[in-house]
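The values are calculated or read from the model by the stated rules, or taken from the named source; none is laboratory data. Bear in mind the structure is a predicted one, so any value in this text is a computation, not a measurement. Here the Cβ positions follow ideal geometry from the backbone for every residue, glycine too, while neighbour counts run over all protein chains shown. Calculation scope for accessible area: heavy atoms of the full protein, side chains included, ligands and nucleic acids excluded. Shrake-Rupley method; radii C 1.70, N 1.55, O 1.52, S 1.80 Å.
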Amino acid sequence: MKKFKKFFYSQKAAPWVFVLPFILSFAIFWIYPLFSAFKMSFESIKPGQIEWVGISNYTKLLRDSAFHIALKNSATYMIGTLLLLIPFPMLFAVLMDSRLVKAKGLWKAILYIPALTSVVISGTLFRLMFSEYSTGQMNVLMELLGKAPVAWLKNGTTGMIALLILACWRWTGVNMLYFVSGLKGIDGALYESADIDGANSWQKFRYVTLPLLKPTSIYVLTISVYAGLAMFLESFMLWNGNSSPKNIGLTIVGYLYKRGIERNQMGYAAAVGVVLLVIALIINFVQLILNGTFKKEER
């Protein structure tokens, strides 16, 4: 064993010795499940019986109104999170990096703590906050404003607002730290040069900070697209299951769960998963092209 370790950590060890574990992990935990799900999407899987059905699962999806609702809900949630969880965390990061904010470590901790909270706990708390009863915190606030209680989770618009507030509460601190890390990589001499040229705060943000934060912004945008489309547990906990009124809280992953786990239709659920993967890949591929990620840098 000692001889093997000595060989493994020596310079004589072939490169494949170090690369092989990563290749195996990638193949076992990503390639194999991906191809298995793709194969399952063309099958009808029942206990002890597997039948090849071709593209019937996909044609059925085209006529499935519940899937269309889930797709619309996930797309709306994704767009909402992109509009809220990129500019505001970026603004908070710029404030944290400036001299205007004191006790920066404390504020970072306060904003990051919600991300450490279990989704089960946070979803349950927000379900109680947005309760239709007058004792719910949001309806208490409505009463203070002289408004009647609102059935927040029984209406599509207010239900989506509740979901987005939950998302902002949980992920603002995480995205802020991504942007803070990006700001640390910007050379302070650039801001000094901008000061010498007479640039104000907005001009420095527009012409120095934003362009140099582009790699971080693209990364946050990419993971936010996937996170928005793949959201499930927040909705599941907010509506205490997959049975929201008129499917106003149903998401693509929630529909996958309903078909695959609750109804034991694994082939159809696999088709839903493949469609979700394709949609996420297309959106991210397009935005990466538009952002110039694949362009060669000019020397």
TODO: Given a cut-off of 18 Å, name the pairs among LYS39/LYS72; LYS104/LYS204; LYS214/LYS295; LYS184/LYS214 whose C-alpha atoms lie farther apart than that in the structure shown.
DONE: LYS39/LYS72; LYS104/LYS204
- [ ] Over the chain, calculate the relative contact order: mean separation of alpha carbon pairs under 8 Å at least 6 apart, over the residue count, as a percent.
- [x] 28 percent
TODO: Please give the peptides 229-238, 193-202 ranked by average Cβ packing (other Cβ atoms within 10 Å per residue), highest first, as a rough proxy for protection.
DONE: 229-238, 193-202
Open item on the list: Please list, in order, the residues from the stretch 189-205 whose amide nitrogen is less than 20 Å from a point placed 7 Å along the Cα→Cβ vector of VAL101.
Closed with: 191, 201-205
Task: Among 28-40, 247-259, the order from most to least packed when residues are scored by Cβ within 10 Å on average - done: 247-259, 28-40
Task: Cα-centred dipole magnitude for the chain, charges only on beta-carbon of K, R (+1) and D, E (-1), debye, nearest 20 - done: 840 debye
Open item on the list: Which of rounded, prolate or oblate describes the stretch 15-58 when judged by the alpha-carbon gyration tensor and an a/c cut-off of 1.5?
Closed with: prolate
Open item on the list: If I stretch the segment between TYR112 and LEU145 completely, what's the gain in nm (0.36 nm per residue apart, minus their alpha carbon distance), one decimal?
Closed with: 8.9 nm
Task: Where the chain is the region considered: accessible area per residue in Å², 1.4 Å probe - done: 63 Å²
TODO: Determine the gain in length on full extension of the stretch LEU125-ASN155; use 0.36 nm per residue of separation and subtract their C-alpha separation, reporting nm with one decimal.
DONE: 8.9 nm
Task: Quarter of Cα convex hull surface for the stretch 45-181, i.e. mean projection, nm² - done: 13.5 nm²
Open item on the list: Is there a quick way to get the dipole size of the stretch 99-181? I mean about its Cα centre, with the Cβ of Lys and Arg at +1 and of Asp and Glu at -1; what is the value in debye to the nearest 20?
Closed with: 400 debye
- [ ] List the aspartates and glutamates whose Cα lies under 14 Å from the Cα of LYS147, skipping any in the same chain that are fewer than 8 positions away.
- [x] GLU132
Task: Net length gained if the chain between ARG263 and LYS39 were fully extended (0.36 nm per residue, minus Cα distance) - done: 78.7 nm
- [ ] Rounding to the nearest 20 debye, state how big the charge dipole of the stretch 193-299 is about its Cα centre with +1 on each Lys and Arg Cβ and -1 on each Asp and Glu Cβ.
- [x] 280 debye
Open item on the list: Tell me the Rg and the Dmax, in Å, that the Cα atoms of the stretch 114-165 produce.
Closed with: 11.5, 35
Task: Carbon/sulfur fraction of accessible area - the stretch 161-245, other protein chains in place, 1.4 Å, % - done: 62 percent
TODO: Report the one residue of TRP107, ILE161, SER181 whose Cα lies farthest in the direction of the positive end of the charge dipole of the chain (charges on C-beta: Lys and Arg +1, Asp and Glu -1; origin at the Cα centre).
DONE: SER181
Open item on the list: How big is the stretch 157-225 along each principal axis, measuring the range of its Cα positions in Å and listing the largest first?
Closed with: 50, 20, 17
- [ ] Note the per residue figure in Å³ for the convex hull of the C-alpha positions in the chain.
- [x] 245 Å³
Task: For SER131, residues with placed amide H under 5 Å, excluding near neighbours - done: GLN137, MET138
Task: Helical mean residue ellipticity (222 nm; -39500 (n - 2.57) per DSSP H run of 4+; nearest 500) of the chain - done: -20000 deg cm²/dmol
- [ ] Taking the dipole about the Cα centre of the chain, with the C-beta of Lys and Arg at +1 and of Asp and Glu at -1, give me whichever of PHE29, TYR219, ILE45 is farthest to the positive side.
- [x] PHE29
Open item on the list: At 7 Å along Cα-to-Cβ for each site, give me the label-to-label distance between GLN49 and HIS68 in nm.
Closed with: 3.0 nm
Task: Backbone N within the stretch 148-191 under 14 Å of label point (7 Å from SER134 Cα along the Cβ vector) - done: 148-150
- [ ] Name the aspartates and glutamates eligible as straight-distance cross-link partners of LYS46: C-alpha to C-alpha under 18 Å, and not fewer than 8 places from it in the same chain.
- [x] GLU262
Task: Residue among LEU210, ASN200, ILE261 farthest towards the positive dipole end of the chain, charges placed on Cβ - done: ILE261
TODO: Take every Cα pair under 8 Å in the stretch 70-185 that's 6+ residues apart, average their separations, divide by the length, and report that relative contact order as a whole percent.
DONE: 41 percent
Task: Viscosity 1.002 mPa s, temperature 20 °C, Stokes-Einstein D of the stretch 99-238 from Kirkwood C-alpha radius, µm²/s - done: 119 µm²/s
